[in-house]
1. Can you name the strands (runs of 3 or more DSSP E) wholly within the chain that have at least 1 residues being in contact (Cβ under 8 Å) with a residue 12 or more places away in the chain and of a type in the set (Val, Ile, Thr)?
2. Select from the range 21-42 the residues that are modelled with pLDDT under 85 and β-branched (Val, Ile, Thr) and list them in ascending order.
Amino acid sequence: MVPEVLVINERAKEAPESFLSKFGQLQELDCEGTGEIRYFYNVTNVVPCADIEHS
């Protein structure tokens with residue numbers, strides 16, 4: 001686990017993929033020795049929705 005990084009497995013990828021694709025890319029990770037495919041979520045579109053001044 002790394003702060004501010006989203007890494008998910010194949011099962012978790014299926015549900016939010018259409019929503020997440022609006023804001024970034026799911027990139028396949030090579031997890032040597034695990035036999036499991038994981039995905040790194042790379043944000044490419046940030047929505048300015050937080051009011052920093054009043055938060």
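The values are calculated or read from the model by the stated rules, or taken from the named source; none is laboratory data. These numbers come from a predicted model, not from an experiment. Neighbour counts run over all protein chains shown; Cβ positions are idealised from the backbone, glycine included.
1. The qualifying strands (runs of 3 or more DSSP E) are 6-9, 38-43.
2. Across the range 21-42, the qualifying residue is only Thr34.
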